[in-house]
Amino acid sequence: MQARTSTWSGSPEAIERWVEHVTTNVKPMVAGLAGNAGAYFFVDRDNNRALTLTLWDSTEAAALSDQTADASRARTVAATGIELVERGAYEVVAHA
C-alpha cells in the first residue's frame, strides 16, 4: 500500500474555502479513482494548515493517480487561494 500527502497553508478564509472545496469536489473525485484505498482530509484551524492523505492499493495505482492529483492540486489552489506547502509519498508499512 502507498500513501500520498499534501500539506496546505493559508489564511483562515482560505482554509474554510479549502474545507468546502475538498468536501464537494476533491473527496468524490478521489473516491472514484482506480486503486484508491481511502482518503482523509485534516484541518488545523488554530495554525491555518490542512493535510490531505490518500491511500493506494499499489505503487502502480499511486503512480497512475499522479497526473490527476497534480491537476486537482492546481484547481484547489486556484479555487481557494490556499498554498501547497509540501507533497509527500510513503510506503505504508503497518495499518490497523
Are any of the residues in segment 52-75 touching a residue at least 24 places away in the same chain (Cβ under 8 Å), of a type in the set (Lys, Arg) and open to solvent by less than 70 Å² (accessible area, probe 1.4 Å)?
-> yes
Taking segment 29-47 as the search range and keeping residues that are loosely packed, with under 15 Cβ neighbours inside 10 Å and of a type in the set (A, V, I, L, M, F, W, C), which one is farthest from ALA63 (Cα to Cα)?
-> PHE42
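The values are calculated or read from the model by the stated rules, or taken from the named source; none is laboratory data. Worth saying up front: this structure is predicted, and the values here are computed from it rather than measured. No Cβ is skipped: glycine too gets one built from the backbone with ideal geometry, and neighbour counts run over all protein chains shown. Just so you know, the surface numbers come from the protein's heavy atoms only, side chains and all, with ligands and any DNA or RNA stripped out. Shrake-Rupley method; radii C 1.70, N 1.55, O 1.52, S 1.80 Å.
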